[in-house]
Amino acid sequence: MQLAGKVALVTGGTLGIGAAIAVHLARLGADIAIVARNVNGPAEALRRQIEALGRKFHALHLDMSRESDCVAAIEQTVQHFGRLDVLVPNAGGPSPGKIQEITSEQWRQTMALHVDALFYLCKAALPHL
């Protein structure tokens, strides 16, 4: 698969699986936008790696547990690159603890990040894909 001239958005893109996906998509030719809560240190290392592949890079500091930030991720990516072709909703996080110890608020936050964000991202991205 070749992605030359395409734009990919990877949420949770600065570390681990997200960073590996972003680099792989860049190797296939895509320009990369990533979303993370921390875009300082890790994002700069990723920027250098992706730009060394001859691809463009854009980092967005947003929280995917918020609907407005999910919509902003799509809008800002399209505004910056002029298009969106690939969406990788990868943001997530560790379990907040054992089920018998998790508060209702922790549960809602986990669902917002792991489930609700998928809906909001796909809904906002669909007109551009």
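All conditions in (1) surrounded by fewer than 20 Cβ atoms within 10 Å (Cβ to Cβ); (2) in contact with a Phe, Trp or Tyr (Cβ under 8 Å, 6 or more places away or on another chain) hold for Cys70, with the sole exception of (1).
Is it true that Arg48 is among the charged types (D, E, K, R) and closer than 18 Å to Ile17 by Cβ? Judged against the criteria, Arg48 is not a match. Applying the condition of being in contact with a Gly (Cβ under 9 Å, 6 or more places away or on another chain) and at pLDDT below 95 to region 2-16 and asking which residue is nearest to Gly82 (Cα to Cα) yields Gly5. For region 64-110, filtering for residues that are part of a helix (DSSP H, G or I), farther than 24 Å from Ala33 by Cα and of a type in the set (A, V, I, L, M, F, W, C) leaves 2. Residues of region 17-40 that are within 21 Å of Gly82 (Cα to Cα) and under 10 Å from the mean Cα position of the chain (by Cα): Ala22, Ile32, Ala33, Ile34, Val35, Ala36. Taking region 13-54 as the range and being part of a loop (DSSP other than H, G, I, E, B), free of Cβ contacts under 8 Å to residues at least 40 places away in the same chain and among the hydrophobic types (A, V, I, L, M, F, W, C) as the test, the residues that pass are Leu15, Leu28, Val39, Leu53.
The single condition among (1) among the polar types (S, T, N, Q); (2) closer than 18 Å to Leu129 by Cα; (3) out of contact with any Gly (no Cβ under 9 Å at 6 or more places or on another chain); (4) surrounded by 13 or more Cβ atoms within 10 Å (Cβ to Cβ) that Gln49 does not satisfy is (2).
The values are calculated or read from the model by the stated rules, or taken from the named source; none is laboratory data. Being a predicted model, the structure only gives us computed values, none of them experimental. Cβ atoms come from the backbone with ideal geometry, glycine included; neighbour counts cover every protein chain shown.
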